[in-house]
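Input: a single structure, listed below in structure tokens.
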Amino acid sequence: MEKHLKNLKIPVSILSFVNNGLLISQNVSLHVSNANLFCSYNIVSNLLTKFGLVVEHEKTEVFHFSRQQGEFNPPLLDLTPIGDLVLRPKDSWQYLGFYFNHKLLFKHHIDFYSREVISTVKCMKMLGNLSRGLIPLQKCRLYRCCVLPITLYSFQAWYYNKVPLNYPLKILRKLQWRAALWISRVFWTSSLGGIETISSLVSIHLHIKKLYNQFLSRGFSLPHNHIIKAIISSDNSLPYITHSVSLNTLMLNQRRRLNSPLIDMNNKKNEFAPSFDPFNHKFSPGNHLIDSFSDRISFHPWGKNVQNHIQILDDLTLRALSNSSMSLVISDASIKNNVATSILHIHIHNKPVIRMLYHTMNIISTEAKLLAIWCSICYKTKVWTNFR
């Protein structure tokens, strides 16, 4: 259908999700946009009718985005010749879980989800009326699993560089204060910082900052033909596809005035090394290291019987240190201030051969531990060859 509109030289784009369609028109004049929407809506309605599909005109909505200051009164969209209705532009618009206003401030979006979550927190108080009640640890888990994901749904739309955060953080702190009171069951006059510590809750602004940094990091693990990779500016190190709205098409002063998560992602790209390819064939099922050498890999997970676990590790250590043909690799990792520290020790026949320390940024603790294991295996094979 979009190709049909392009052939008629109507500048309208179409997005379709199952039984929900969206017509997008961009123009300086709202009257021209309405004319384009009227023509495209008429064409789409006729095509769908020929396909045997029913268009419910009473469910049709129109919404305008504008940078106009002051009072905003967009014109009506007259669809009387098509569906016998006149559409009045709405003040706010809900689409796919997002709530928009004409200036993309997302205040209504924050208000809606904060109201939903506050009612959820109030309802959670009834769970404490069971015969045994809930311990604080269970309440904390409920809050993290059932409340925070709803609260921070699509928070990237309003949390990014150079955006005022006073209003959303005020709402979120109020929400977390209510949740912390429920978890810790302290006095209402208690300060937020104190009851957050008692309830084992991270400050909401630090939690959002952590999630946002993870969001920026995930953007660089996308495939090379992803639209986000095409929009952010390329350093010519990877075969990115140029997009019509790429940041490369903007002047330096235009890019400085632009507020968007993509700008933050583009500014952060120099902190990532494009050496890891998550879509390499080696990472596909059947080609993993554990698939190729399943008889040489064993796991000893931590269990409830701590003494038994310690005994197993001691036996493995003594067996490795007493055999000159075996080596012992010990590695661990930790994260502080977004910097991961990985350390590894390699021992051969009870003699420490090498000690290494690595520092990496913008990775999670699991990735830091895997990096330490990978480096230890590489050094182990290298040192073992020289040792022999």
**Q.** Degrees, to the nearest 10: 166-184 long Cα axis against longest axis of the chain
**A.** 50 degrees
Q) What value, in deg cm²/dmol to 500, does the helix sum -39500 (n - 2.57) over DSSP H runs of n ≥ 4 give at 222 nm once divided by the residues of the chain? A) -12500 deg cm²/dmol
Q) Among 285-291, 314-320, 42-48, how do they line up from the highest to the lowest mean number of other beta-carbon atoms within 10 Å? A) 42-48, 314-320, 285-291
Q: Would you work out the relative contact order for the chain, in percent, from Cα pairs under 8 angstrom that are 6 or more residues apart?
A: 7 percent
Q) Hey, what angle do you get for helix 365-387 against the long axis of the chain, alpha-carbon based, 0 to 90 degrees rounded to 10? A) 40 degrees
Q) Which one is right for this structure if volume of the Cα convex hull per residue in Å³ is calculated from it: [x] 257; [y] 169; [z] 145? A) [x]
Q | region 303-387, relative contact order [Cα under 8 Å, separation at least 6], % | A | 24 percent
Q: Please identify, among W177, W302, W374, the residue showing maximal mean-square fluctuation in a Gaussian network model of the chain using a 10 angstrom Cα cutoff.
A: W302
(Q) In the chain, if the dipole is taken from +1 on Lys/Arg beta carbons and -1 on Asp/Glu beta carbons about the Cα centre, which of F187, P149, I10 is farthest to the positive end? (A) F187
(Q) Let's see if you can work this out: charge +1 on each Lys and Arg Cβ, -1 on each Asp and Glu Cβ, no other charges. What is the dipole magnitude of region 88-184 about its Cα centre, in debye to the nearest 20? (A) 200 debye
Q | the chain - charge dipole about Cα centre, Lys and Arg +1 at Cβ, Asp and Glu -1, debye rounded to 20 | A | 1020 debye
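Here, each number is a calculation from the coordinates, and none is a lab measurement. Just so it is clear, the model here is predicted, and its values are computed rather than measured. Every residue, glycine as well, gets a Cβ built from its backbone with ideal geometry; the counts of neighbours run over all protein chains shown.
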